[in-house]
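The values are calculated or read from the model by the stated rules, or taken from the named source; none is laboratory data. Quick caveat: nothing in here was measured; it's all calculated off a predicted structure. SASA here: full protein model, heavy atoms, side chains in, ligands and nucleic acids out. Shrake-Rupley method; radii C 1.70, N 1.55, O 1.52, S 1.80 Å.
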Amino acid sequence: MNIYQKILWNKERAEKEGWDASLFDCDEIDAHFVNAVVAYQKKHGLTADGLCGSNTARRKYSEDLQEEAEMHLTPGSEYIIYNGTKVKIYWDKVVTYDENPKIAAYPKGRRSFDGLREPIMFVTHWDVTLSSGHCLRILEKRGLAVHFLIENDGHIIQTCDMNDIAYHAGSRALNACTIGVEVSNAYDLKWQDWYVKKGFGPRPIVQGAKVHGKRMEDHLGFYSQQELALAALWEAVSYACNIPLELPETQDALDPKASKAQFKGFVNHYHLTTRKIDCGGMDNDTILKWAKEIRQERIADMK
């Protein structure tokens, strides 16, 4: 393709995919735009053809979101919300949508439930992004939502009432009976330096984990503060919604009962479908143990 053909190709692609020249800080799609795309592609190891296809556009958009989406969170109260009722959670870094409307789940990604919804499962995901703010923006763009986010520093962020149906579990039937959380974790080892640079410290490295009978590539694990926050969240959700503090019998693969919404308890996304591997390598047994210890603390407080 000559330069004029590349300009025309990019214009047609921009109109089709809904982006414009500002994606590469240009005023219009012209020769300067093509050169900017080439420079970006060379820097990031992409095919340097000056054509802003889906891979190039998605990567550039994602990077822009990472810079824009940092959350500056001030913990509010130690509670989460179910059907409009505040439920105590044993964690001191919690922010809810009623305190900070900016973190509310995108309306198209959720819907209110008429009456009292009685979820039976809690689904743990990893977000494969660098921050919960970034995850929230991506969910908005995709028309999805999730009830909770757990940030790198252990903040629990509630984006909508647990009585709402959020589109996170992959099917209408599973969305209707589940509550979900996205735990921030970029997964790929190449992001380790980013976490260190941002002051979070190095993440643990997960080695030798298996999901669906296949060995996973080595990947980033979770910070201890995220695991402790998750344990506190499991316990509070269990208490609020009467979901048993139980794990599926199948620990590292699809669980037949969970995938058919016939299990009550706490699952990872891979328990629901063979298309997902999150959260492979997560120490569910230890997190569940911590959650049960928190339950004993709640019981003692209630006496």
**Message:** Taking every pair of distinct Cα atoms and averaging 1/r, then inverting, what Kirkwood hydrodynamic radius in Å comes out for region 180-303?
**Reply:** 15.7
**Item:** Inverse mean reciprocal Cα-Cα distance (Kirkwood Rh) of region 111-255, Å
**Value:** 16.2
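Calculated from DSSP H runs of 4 or more alone, at -39500 (n - 2.57) each and per residue, what is the 222 nm mean residue ellipticity of the chain, nearest 500? Write out the running numbers ahead of the final one.
Numbers: 9 runs with 106 residues, N = 303.
Mean residue ellipticity, 222 nm, calculated: -11000 deg cm²/dmol.
Can you sort His269, His44 by 1.4 Å-probe accessible area, starting with the largest?
Working: His269 15, His44 40 Å².
Greatest to least solvent exposure: His44, His269.
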**Fill in**
Shape descriptors of region 223-275 over alpha-carbon atoms, Rg and Dmax in angstrom, are 11.9, 32
**Message:** Spelling out what I want: for every residue of region 198-215, take phi, set θ = phi - 60°, compute 6.51 cos²θ - 1.76 cosθ + 1.60 (Karplus), and round to whole Hz; glycine and proline get x.
**Reply:** 7, x, 7, x, x, 7, x, 9, 8, 10, x, 5, 10, 9, 6, x, 10, 6
**Item:** Rg to Rh quotient for the chain, alpha carbon positions, Kirkwood Rh
**Value:** 1.02
**Complete:** In degrees, nearest 10, the alpha-carbon axis of helix 31-43 is tilted away from the dominant principal axis of the alpha carbons of the chain by 50
**Message:** Compute the helix-to-body angle for 54-68: its Cα long axis versus the longest principal axis of the chain, expressed 0 to 90° and rounded to tens.
**Reply:** 60
**Asked** Which whole number of Å³ per residue matches the convex hull of the alpha-carbon atoms in region 73-184?
**Response** 96
**the chain: angle of helix 132-142 to the longest principal axis, Cα-based, in degrees nearest 10** = 70
**Request:** For region 226-248 and region 126-198, compute the distance between their C-alpha centroids and round to whole Å.
**Result:** 17
**Item:** Heavy-atom surface of region 155-303, accessible at 1.4 Å and reported per residue (Å²)
**Value:** 46
**Asked** Ignoring any ligand, DNA or RNA, what whole percent of the accessible area of the chain comes from carbon and sulfur when the probe is 1.4 angstrom?
**Response** 48
**Message:** With a cut-off of 8 Å between alpha carbons and a minimum separation of six or more residues, what is the relative contact order of the chain in percent?
**Reply:** 15
**Asked** Who wins for biggest fluctuation among Lys11, Lys93, Lys43 in a Gaussian network model of the chain, springs between alpha carbons below 10 Å?
**Response** Lys43
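Report the relative contact order of region 156-280, percent, no decimals, based on alpha-carbon pairs under 8 angstrom and at least 6 residues apart.
Values: 153 pairs, mean separation 23.2, N = 125.
Relative contact order of region 156-280: 19 percent.
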